[in-house]
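Worksheet: one structure, shown below.
The values are calculated or read from the model by the stated rules, or taken from the named source; none is laboratory data. Since the model is a prediction, treat every value here as computed from it, not as a measurement. For neighbour counting, all protein chains shown are included, and Cβ atoms are generated from backbone atoms with ideal geometry for every residue, glycine included. The area values use the complete protein model at the heavy-atom level, side chains included, leaving out ligands, DNA and RNA. Shrake-Rupley method; radii C 1.70, N 1.55, O 1.52, S 1.80 Å.
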Amino acid sequence: MWRMKKKKKKKKKKKKCKAGLTSITNKVEEPLDDTLDALSLDANSSRHKLGPTKTKPETSTLCAGFVKQCAPPALQLDPKCLNPENELRRIFGSKVVKSFEKSNQDSSSRQVRGGRRGAHHTRKTILVSPSEHWPRWDGSLSMEFLETKDGYHHFRYVHSSYYDQAQRAFEAAKAIQDLNGIASILLYHPYHLDSLITMADYFKFVGEHQMSADAIAKSLYALECAWHPTFTPLQANCQLKINHETNKPMFTTLFTHMKNLDRRGCHRSALEVCKLLLSLDLDDPMGAMFCVDYFALRAEVYAWLEWFSEDYKSDNSLWLFPNFSYSLAICRFYLEREEPSKNDDTSATKSSSADLMKQALMLHPSVLKKLVAKVPLKDQAWTNILKHAFFQSEKTVSASLDHLINIYVERSYIIWRLPDLQKLLRNSALQVIETLEHSSSDAKDWACVRKEAFSSENNEYGHLLVSDFSDTVPTLPPENLQNFMVDPRMREAEQNGGQIANPLDGGPAPHDVANRNALAVLFESMLPWVNYGGRGDEGGNEENQVDGHEQDND
């Protein structure tokens with residue numbers, strides 16, 4: 001993730017913040033950095049008062065950056081949870097899942113054009129469950145070890161000359177927006193990552209979600225098959241930095257795969273993928289930190305979320321981020337309900353859900369108005385609450401914070417449709433209003449904390465698109481869909497009987513594919529009972545593939 005740059009605090013700014021916090025801390029000269037440490041689960045920080053309090057005088061500067069060092073246990077993966085079938089069995093029962101799998105196997109067994117496609121054994125992988133009808137892994141990708149630094153092993157992907165040929169063809173087709181050309185690449189290079197990702201986007205736009213998910217799964221299968229023998233991502237001790245160009249598809253496919261799992265209702269599996277994204281690059285280029293709390297809540301692993309928030313080391317407290325400030329209040333709410341017998345012991349060391357929710361509302365009040373509109377909450381009580389000046393504003397003074405709030409509301413609004421959580425939010429908002437009526441200076445104190453925590457004038461999270469965290473699947477109207485990637489000149493040439501140039505100089509196409517629309521062929525080729533003469537099943541040797549096509553033509 002793009003890191004927050006450290007800025008020296010001006011003396012005037014410090015004095016202003018210190019003065020605003022005097023009523024809460026009773027120490028005029030107390031550094032603001034110490035007060036930020038109060039945003040935690042500790043009962044001492046919020047049980048008796050609504051403002052931040054000093055807990056650890058030796059605490060280092062918070063919010064000066066976002067450099068993370070995470071203890072390995074928090075991000076270690078459970079391979080069983082990576083498999084969505086295990087989660088589906090837990091939700092629907094083994095009988096239902098087995099019946100569904102059997103129906104798919106029966107349809108897959110009807111091979112109209114020969115049986116060579118399922119003649120080989122697929123490699124066993126942990127990220128996805130490969131289909132026996134997928135082409136054999138061609139070995140076009142590999143991974144190399146770079147170095148060991150700060151306890152992490154660094155790796156990067158390496159392309160073979162065979163893969164580079166497909167990459168050049170992809171760049172050429174992309175330059176002229178030729179979607180058919182990209183589809184043709186997959187006929188010869190079934191595991192070319194950029195082509196698979198492009199086709200997955202296309203299938204998503206046209207509503208073919210299963211085919212889109214299949215293309216992403218094939219990408220992950222190829223990426224895992226290329227893993228180095230010493231690459232152990234389950235242990236959260238490996239780094240695959242995104243600044244290496246060849247590593248980027250790993251992050252793109254994992255993020256899309258995570259969203260696909262969420263769409264299927266496999267939130268526990270999505271959480272494991274999110275943890276993997278966090279562990280592979282500590283800079284978090286995909287913004288997994290801003291949805292890990294959502295998946296934890298949907299998967300109902302509340303104890304893990306609290307553990308993660310305490311175990312995840314950073315020079316920027318997680319409590320300052322809007323998603324964690326609200327999600328940890330929800331987390332504590334459910335833990336209180338799950339462990340009523342332990343409430344007495346917990347209350348002595350942990351803040352209550354009501355206290356945490358009030359703290360979240362004071363720290364990020366602009367979230368409330370956006371949640372009310374997004375959920376939506378139409379009760380008259382919300383209208384009255386939003387009339388209060390403290391909750392009227394939808395924006396803060398920080399572009400970064402506004403962007404993170406938009407991401408949180410877009411990602412997590414569905415959680416707030418539960419009546420119990422709405423009641424918690426409403427009661428906490430009313431208590432905040434009551435508190436502010438007795439002490440109006442509290443609002444200025446928390447505004448000072450916000451400004452200090454998110455002091456950058458620029459949007460440091462602009463690279464994270466709000467739409468990427470949305471459940472809404474974008475669609476294109478028919479007239480625009482034709483221009484998704486296809487160059488009009490190519491369509492005109494095809495309509496006039498012209499032949500689209502083969503993106504590869506590897507020989508003629510199979511006889512079942514010749515003179516046909518490449519995109520239509522790709523749709524058909526993904527059906528398990530369709531076979532075009534074993535392309536890709538002969539391994540990664542391009543000459544064997546071409547020879548196989550020539551033999552078919554004979």
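Numerical summary
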| read-out | value |
| --- | --- |
| Computed accessible area, Glu85, all protein chains, 1.4 angstrom probe, square angstrom | 50 |
| Simple spin-label estimate for Glu437 and Gln380 in nanometres, 7 Å along Cα-Cβ | 1.8 |
| Nitroxide proxy distance, nm - points 7 Å out along Cα→Cβ at Glu457 and Ile91 | 4.7 |
| Residue order for Lys174, Lys378 - accessible surface, 1.4 angstrom probe, largest first | Lys378, Lys174 |
| Whether region 357-487 is rounded, prolate or oblate, judged on the alpha carbon gyration tensor where a/c under 1.5 counts as rounded | oblate |
| Apportionment of accessible area to carbon and sulfur, region 271-329, percent (1.4 Å) | 49 |
| Calculated log₁₀ intensity ratio I(q)/I(0) where the Debye formula runs over C-alpha points of region 134-211, q = 0.13, 0.14, 0.18, 0.25 Å⁻¹ | -0.51, -0.57, -0.80, -1.14 |
| Unsatisfied cross-links (Cα-Cα over 31 Å) in the set Lys149/Lys350; Lys259/Lys374; Lys204/Lys378; Lys218/Lys275; Lys248/Lys370; Lys248/Lys423 | Lys149/Lys350; Lys204/Lys378; Lys248/Lys370; Lys248/Lys423 |
| Contour excess over end-to-end distance, with Cα ends at Lys149 and Asp420 and 0.36 nm allotted per residue | 92.9 nm |
| Region 263-339 shape via C-alpha gyration tensor axes, a/c threshold 1.5 | oblate |
| Estimated inter-spin distance, Ile126 and Thr349, nm [label 7 Å along Cα→Cβ] | 3.1 |
| Gain in span if fully extended, Glu310 to Glu171, counting 0.36 nm per residue against the direct Cα distance | 45.5 nm |
| Phe205 accessible area, 1.4 Å probe, all protein chains in place, Å² to nearest 10 | 40 |
